[in-house]
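The values are calculated or read from the model by the stated rules, or taken from the named source; none is laboratory data. Note that this is a predicted model, so its numbers are computed, not measured. With ideal geometry, Cβ positions are generated from the backbone for all residues, glycine too; neighbour counts draw on all protein chains shown.
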Amino acid sequence: MPQDSFLARLAAIVGSKQVLTQPQDTAPYFTDWRRHYRAAAECVVRPTSAAEVSAVVRLCVREGVALVPQGGNTGLCGGSVPTGAKREIVLSLARMNRIRELDALNDTLTAEAGCVLAEIQRAADDAGRLFPLSLGAEGSCMIGGNLSTNAGGVNVLRYGNARAQVLGLEVVLPDGSIWNGLRGLRKDNTGYDLKQLFIGAEGTLGVITAAVLKLYPKPSAVATAWIAVASPARAVELMARLRARLGDRLSAFELVSRACLDAVLAHAPGSPDPFAARHSWYVLADLADSGEPAALQSLAEQALLECAENGTLEDVALAHSEAQARALWKIRDTIPEAQFRNVKHDVSVPVSRVPELIERASAALEAEFPGVRIYAFGHIGDGNVHFNVGMGDAAATEDLIGRRGAVNRVVYGVIDALGGSISAEHGLGQLKREEIRRHKDPLELALMRRLKDALDPLGLMNPGKLL
Ligand code: FAD
Ligand code: ZN
């Protein structure tokens, strides 16, 4: 390569081995997890420090080349891969994977953007603390990606989403300057909360290179229950009763429809069906507490027994070992891959209106696409349902996927009527960039555009995503 070429100058910053150009090396970075999006960029660059990221950004600004930040590439909206619409590079943060500091008495951990979520959980655990962000992709998604998508997951009910876990950020801005906002303060009222701008921005306002994260006491007792309920309405009622009895101990409350359980049983033979009888709906609930495990187990048993007696639930199985709890969670975690091909929706409404969402959207879809099969599951405790739509067989499902826009229209119509959101936790990326215009207040979109133009006037940060 000529000495003054763009690639050579990138190599001078990060080392030639960290500028990938060969198709066999770049392919995994150019395709998203769902394999819906595939486009090539000029190369993949893998820096190891904020200073290197800064130098890469400055070079890209000079050359007019856009950057696509990428973490674990598990995002579900096509945000982490190139669009092919202009000159672009993929900026992989994977090698920025050091935990810089753990301050146990401040209950904080400072991690670089490329730390895999599970590694952060492990580091917190080793220090006798909990980092509560938890999702199916935690073995490969990275904290920079989690923050950039404001990831949710299964513990939002008790601890809030990614946004709530951050005290400070280090960000390389679109002009290449490095903002060191790595403060570990729980109180800091000195103006706008700038870090929150970059969280959930999907890489369109800058590159997150490190974060100060909040840690929590590690629970010494955990109880996991698989519960059969007659309907989503009963599930919502059950949650209210359990919270009234058990308070903040309830940390996860996930809905699973029978169709989802059937899909898991078909996809992963040998998976257990926790009950002998078939039920239409299930809830997977986690409780966590300090103190003796037996005390929590007995509290949980009492509360669940009451709910069985008053008819809120139909059946319940409480895990009696960690292995049993893991097996129950395995069912839940297998749902995304067990129904991979269909039309997906990641929607939210007020918790109280989830039953209405499922009922109305299911009925409207059946009227327009007779024979549809609905896979509804997810974080009902947060009002967030993954509402996926297929047909009875593969060919008909492919046909439905071809009419995805019409299916979206039906579901999003119900979401709008219930005051909900068309993207509860996965973001907009390329997938919903156009669709969001139909649903979000034009004034909000205009404000977002003004912020984007102020921070990234050249439009080089992850173009074609979100806005
Ligand atoms: P990537 O996919 O690499 O990137 C996501 C977005 O962030 C892109 O726009 C990218 O440009 C940007 N980005 C990445 N790193 C940076 C950075 N350092 N600075 C600036 N921008 C950056 N999501 C949930 O919220 N809840 C779930 O329960 C959940 N479950 C999942 C289960 C499975 C099996 C899978 C495959 C995905 C799931 N997801 C879930 C989606 C996904 O895991 C999350 O969105 C995750 O936070 C993405 O992290 P990542 O490192 O893979 O980011
Ligand atoms: Zn989810």
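For the range 359-370, what are the residues that are hydrophobic (A, V, I, L, M, F, W, C) and either in contact (Cβ under 8 Å) with a residue 12 or more places away in the chain or within 16 Å of ligand 2 (Cβ to nearest atom) (or both)? Hits for the range 359-370 are ALA361, ALA364, LEU365, PHE369.
Rundown of residues vs (1) of a type in the set (Val, Ile, Thr); (2) within 23 Å of ALA50 (Cα to Cα); (3) within 16 Å of ligand 1 (Cβ to nearest atom); (4) outside any loop (DSSP other than H, G, I, E, B), yes/no style:
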site: ARG186; (1), (2), (3), (4): no, no, no, no
site: ASN189; (1), (2), (3), (4): no, no, no, no
site: LEU197; (1), (2), (3), (4): no, yes, yes, yes
site: GLY203; (1), (2), (3), (4): no, yes, yes, no
site: ALA211; (1), (2), (3), (4): no, yes, yes, yes
site: VAL222; (1), (2), (3), (4): yes, no, no, yes
site: ALA233; (1), (2), (3), (4): no, no, no, yes
site: LEU238; (1), (2), (3), (4): no, no, no, yes
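Listed by position, the strands (runs of 3 or more DSSP E) inside the range 3-104 whose residues that are crowded, with 20+ Cβ neighbours inside 10 Å and within 16 Å of ligand 1 (Cβ to nearest atom) number at least 1 are 66-70, 88-92. Of GLY136, GLY191, all but one fail to be out of contact with any Leu (no Cβ under 9 Å at 6 or more places or on another chain) and at pLDDT below 95; the exception is GLY136. Of all the listed residues (VAL385, VAL410), the sole one being under 25 Å from ALA233 (Cα atoms), of a type in the set (A, V, I, L, M) and either within 16 Å of ligand 2 (Cβ to nearest atom) or touching a Lys or Arg at 6+ places or on another chain (Cβ under 9 Å) (or both) is VAL385. In this entry, LEU431 is excluded by the filter for residues that are over 18 Å from VAL347 (Cβ atoms), within 16 Å of ligand 1 (Cβ to nearest atom) and in contact (Cβ under 8 Å) with a residue 60 or more places away in the chain. Identify, by number, the condition in (1) touching a residue at least 12 places away in the same chain (Cβ under 8 Å); (2) over 26 Å from the mean Cα position of the chain (by Cα); (3) within 20 Å of LEU261 (Cα to Cα) that ARG373 doesn't meet. Evaluating ARG373 over (1) touching a residue at least 12 places away in the same chain (Cβ under 8 Å); (2) over 26 Å from the mean Cα position of the chain (by Cα); (3) within 20 Å of LEU261 (Cα to Cα) leaves (2) as the failure. Counting only residues that are of a type in the set (A, V, I, L, M, F, W, C), surrounded by fewer than 17 Cβ atoms within 10 Å (Cβ to Cβ) and in contact with a helix residue (DSSP H, G or I) (Cβ under 8 Å, 6 or more places away or on another chain), the range 437-463 holds 3 of them. Note on the range 154-165: among residues that are surrounded by 24 or more Cβ atoms within 10 Å (Cβ to Cβ) and within 8 Å of ligand 1 (Cβ to nearest atom), the one that is modelled with the highest pLDDT is ALA162. Look at (1) in a loop (DSSP other than H, G, I, E, B); (2) among the aliphatic types (A, V, I, L, M); (3) at negative phi and you find that LEU466 fails only one, number (3). Cβ-Cβ contacts under 6 Å between residues 6 or more apart (or on different chains), taken from a first residue in the range 378-396 that is in contact (Cβ under 8 Å) with a residue 24 or more places away in the chain and on the phi > 0 side of the Ramachandran plot to a second residue that is within 16 Å of ligand 1 (Cβ to nearest atom) and not in a loop (DSSP other than H, G, I, E, B), are listed as GLY378/ASN384; GLY378/VAL385; GLY378/HIS386; GLY383/SER348.
With the checklist (1) acidic (Asp, Glu); (2) within 13 Å of THR204 (Cβ to Cβ); (3) crowded, with 21+ Cβ neighbours inside 10 Å in hand, flag the one item GLU425 doesn't pass. Evaluating GLU425 over (1) acidic (Asp, Glu); (2) within 13 Å of THR204 (Cβ to Cβ); (3) crowded, with 21+ Cβ neighbours inside 10 Å leaves (2) as the failure.
Residues considered: GLY114, GLY168, GLY145. Of these, the only one that is touching a Gly at 6+ places or on another chain (Cβ under 7 Å), more than 26 Å from VAL347 (Cβ to Cβ) and near ligand 1 (Cβ under 8 Å from one of its atoms) is GLY114. Any residue that is at pLDDT 95 or above, surrounded by 23 or more Cβ atoms within 10 Å (Cβ to Cβ), away from ligand 1 (no atom under 13 Å from the Cβ) and not in a helix (DSSP H, G or I) - is there at least one of those in the range 395-404? No: the range 395-404 contains no residue that is at pLDDT 95 or above, surrounded by 23 or more Cβ atoms within 10 Å (Cβ to Cβ), away from ligand 1 (no atom under 13 Å from the Cβ) and not in a helix (DSSP H, G or I). No other residue among VAL264, VAL316, VAL229 is under 25 Å from the mean Cα position of the chain (by Cα) and not polar (S, T, N, Q) apart from VAL264.
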